Amino acid sequence: MNSSVPPAAQEYAGDEINALVLDPGSNTIRAGFAGEDTPKSVVPSFYGVPQSSDAQSQYLFGENALHNPLTHMDVRNPYSSDSVVEDWDVASKLWEYSITSRLTGTRPTPAAKNGLNDPAEVKDEDGDMAMEGVEELEKPMAENPLLVSEPAWNPQKAREKTMEIAMEDWGVPAFWMGKTGMLAAFASGKPTALVIDIGANTTSVTPLLDGFVLRKGVQKSNLAGNYISSQIRLQFSQMTPSVPLVPHYMVKSKQPVDAGASSNATYMQFATPPTESYRKLEEERVLTSFKESIVQVWPGPGKLDGASGQIPGQTNADAVKTLPPKPFEMPDGWNQVFGLERFRVVEGLFSPQGALSDAENPVPDAKHTIPAMVQAALNAVDVETRPLLLNNVVLTGGGSLVEKLAERVQAELSALYPNPRVRVHTTSSATDRKYGAWIGGSVLASLGTFHQMWISKKEYEEHGSGIVEKRCKS
Amino acid sequence: MSAQDMRDVLGLPGDGARPPPLKKQKTVEKRPLEKGMAREVSALMGERAPPLSMIQVQPKYKQRPKRQHKVTPWEWAPFKNQARDDGLTLHHWQRKQPPKPAPVTDVSQDGEAAPVEDQKPEQKEKGYQFAKFNVPVEVPTYTPELYDAQLQDPDWTKEETDYLITLVKDFGQKWAVVTDRYDYQSTTEQPAKPRTMEDLKARYYTVSARVLAHNIPISSMTGSQYSLYSLLTSFNPVQETSRKRLAEGHLHRTQAEVDEESTLLSELQRIMAYQSTLEAERADLRHRLDYPIATSSTATGLAGVGGAGYSTSAALAQLFQQLLAQDRLKKDRRLKAPGEGPAGQTPGGQASGAAGHRDSLAAGSSTSARKAPGGRDSISGPSDRALSPRSSNRYFVTHHDRLSAGVQFASDKLSKPRVAKSAIQTERIAAVLQHLQIPEVIGLPTQRVVEEFERLMAGVGTLLELRKVAEKEESEIRVREAEKGIRSEGEGKVKKEEVEVEVDVDVEGEGEGERGTKRDASHVSEGGEESNKRTKT
Ligand SMILES: Nc1ncnc2c1ncn2[C@@H]1O[C@H](COP(=O)(O)OP(=O)(O)O)[C@@H](O)[C@H]1O
Ligand SMILES: [Mg+2]
């Protein structure tokens, strides 16, 4: 195409205004420029707290700092188990880090905000216009409108707080907030959809009509990525012999060993071993790779322990046992094949009876399984919207990448609702599903018609942070 | 041939003083100097080219395309959106207005500044291109007086009504969303009433209708306004609720019910498909009957035989009506454009006329007109003059527009049409011919005999086609009558299917009784069997 011909803006209705999109999740925080197709910056939501220091500036953010086995480094997460922010100080720093470290360049926190020059009013009294301009530019995002995602159950306080941070600390000229479910549906091009978002802390079901969340239908549960991880841990401990979970940082070198044989590796020696929270984080990385490569959902029809449709008198689990198992190798070389186990660990998302449990890990509530949540969500919306929603089921979130999950959801919902056609839409691209909410935000914020939706700095100054409730109604 | 050779030939002594020409050639063939290499170094290498790696060849690229136009500059420009009232200014990339064709010398100084100034006012005029998509929803507005006078409702306070109207406006009349977000906090001590979507709709529509009627009295409403008004007033929440309840029941049907519905639907689809093939066949038939078969003998023959074949069918009358209508239509057309009817569609009545018309144009005789209907004969040419019609008949002289390649037996033309693609069809043809007492072997395949035979065969084809359709129609009628019987009896489903099956058997039996109808009947009976199976399972 001739580069001197401008793209016809009406063709894609886009108008790029250098907006930033931030999708802060409980596992990773994703940030990037609107209009791009993947977030440029993906930062873990975990942060390191070196025990020696108490100053906040010493917090360690980002993959590189976080996975370094320092002694006395506590690993924490500013999110609650419901994926809403608990620790605002850290969360705002973490968000700012995720934006400034890759996108807008590292600019120091403005002098007025870093605590050293607290009586900032003194400066303003000078009434120097030029000075104001300079100060504005010093803020990290003074030129970029910002779109932030939030869970559908985000309390009003949290929304207002987010807006305050964006406006006051970062100096954004315009701001908007959208629910993750809505954004993920936009990413798959569906303004009307039933979004099933399987994240790290929470799985949520969000019914959407023409881009508006039907709030009464929103459902959430903790049967999500972290729950799968805990099921895998439980499965590992229940197997005979139990599976040793050794994270990478512990291993200095390893020799190949036979399946099931104990590992032949030299381990790192630490004078003071890293903290328990650090070890947990590192173990989680191993578990994630286990999820990525081994774990699979029984694709249906029926439950894993349900009667087999093919062979009478047998369960689906019996059929699974005849399939070839998959091998997995731990960082220290220990390896084993997993058969039924790799199906078992995700069954809890669909049936409480299928879940593994012990004293510490109780059987999940039946109403927290995905089919039950979909049912509850549909019952809370108008009858006429239900078939529309069932026809547009969108799966998103990192946890939805488990193999055959889409097939199982399709099978479960078709069994529940034989009449209206159930269609589960998933993109084949893993990044699109992992970053679904971010991509939706990217699409939305780069639309020309979205321009009138932004809350401008002026409006914020006039109405205060309460305006977010009025304007971000999605 | 060099000068030396010349001298040899002529026996002249060689010119020793001359330098040998070879040397000169050598200098000519000398390798061109390598680029980027000193002459002396290059000489060291002698005649042979150096290995490739030593030569640094400057790659030759395609020439840059020459552009006539200048590259258009883009700029990171501020803009405002007219859909906003807070004057938010954001930036986006936009094209700088190309500089006006200014004097060449000025471009460097003015070209930069001028377009920006040019553009500013224009930008303001045009506005932000996406602002026009900001379409607010229209909701009824009312003054407190109007509310008190006309909009009172014991079930609703004014505050709640106001709240409802704002919600409807905010969510663009998306009722599912309005209902979802409806959360009225009553200011009085009375607790807020729970509202269903139907409650909200009913209230909103009532208010809308009354406000509309207040603004424009019903008597002076335009058509569209009135239809809107009557639509608003005719909302029935009770009916709507029961409809929703039905819809909900529909949503919770079991798999078995859904399966049954889908089988019924596919059954229906099959019937419809059958219907449409039947229709297509009928249309085909009509078209066939339209085909110009001009000679009266065949036409009467057809009428005779066809009439016999159709004596029991009610479809004949219908067909006749249709033919008549078509004929009339064509006559009309002829009136409009005489002689322009396409040859293939020329109806029987018109054929001779049209042909005659054409023949008279070609200055031919009436004999050629008689030959014309087959469509194979020619316009009589000047060579025809030598023979009288009688003698040309006698000596079998014929004229053709075009002759097909190769040699054919005339007798082939008599035997080939008797054989159809399927054996059953062949059988049927044979039966008809036997009925007409046409011998298996026809003696002399003269031109005229062949022509007559072909005409006859066309008739036979039509006849068979008609019979086939007639049989289908009859069975159809029987099915319908049986259905009618069941309906009048008002019996249950089981009974109906029994009868249906009976009918199918009937058709089959009759089909076998009659000659060559088995195929069509089996088509019907297949359906019967299917329905039979369904009742069993
Ligand atoms: N390929 C995969 N298969 C299964 N689970 C995965 C995969 N990739 C990531 N996950 C899991 O998805 C979760 C993160 O999902 P994400 O949507 O990023 O969460 P959040 O939005 O809460 O940050 C983690 O628990 C991670 O283990
Ligand atoms: Mg998420």
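We did not get these values from a lab; they are worked out from the coordinates using the rules stated. Computed from a prediction, not measured in an experiment: that's the story for all the values here. Cβ atoms come from the backbone with ideal geometry, glycine included; neighbour counts cover every protein chain shown.
Results, tabulated for the structure shown:
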| read-out | value |
| --- | --- |
| Residues A:LEU444, A:LEU20, B:LEU200 arranged by fewest to most Cβ contacts within 10 Å | B:LEU200, A:LEU444, A:LEU20 |
| Span per principal axis, largest first, for the Cα atoms of chain A (Å) | 83, 65, 52 |
| Overall form of region A:359-431 per C-alpha gyration tensor (a/c, 1.5; a/b vs b/c) | oblate |
| Between helix A:276-293 and chain A: long-axis angle, C-alpha atoms, 0 to 90°, nearest 10 | 70 |
| Crossing angle, helix A:129-138 versus chain A [Cα axis fit, 0-90 degrees, rounded to tens] | 10 |
| Restraint check, B:LYS158/B:LYS201; A:LYS220/A:LYS367; A:LYS470/B:LYS158, Cα-Cα greater than 19 Å | A:LYS470/B:LYS158 |
| Estimated FRET transfer efficiency (B:ALA3, B:MET45; beta-carbon r; R0 56 Å; 0.05) | 0.95 |
| Ranked B:TYR205, A:TYR460, criterion: other C-beta atoms within 10 Å, fewest first | B:TYR205, A:TYR460 |
| Fewest-first ranking of A:HIS451, B:HIS91, using other Cβ atoms within 10 Å as the exposure measure | B:HIS91, A:HIS451 |
| Global geometry of region A:208-345, whether rounded, prolate or oblate, following the gyration tensor of its Cα atoms and the 1.5 cut on a/c | oblate |
| Equivalent ellipsoid, region A:276-347 (semi-axes from 5 times Cα gyration tensor eigenvalues, Å) | 30, 13, 8 |
| Cα-based convex hull, region A:400-449, per residue volume (Å³, whole number) | 99 |
| Charge sum, other residues only, whose C-beta stays under 13 Å from A:SER98's C-beta, Lys/Arg counted +1 and Asp/Glu -1 | +1 |
| On Cα atoms only, tilt of A:436-445 relative to the major axis of chain A in degrees | 30 |
| Descending semi-axes in whole angstrom, ellipsoid equivalent of region B:114-265, from the Cα gyration tensor | 37, 28, 19 |
| 222 nm mean residue ellipticity, helices alone, for chain A (DSSP H n ≥ 4; -39,500 (n - 2.57); rounded to 500) | -9000 deg cm²/dmol |
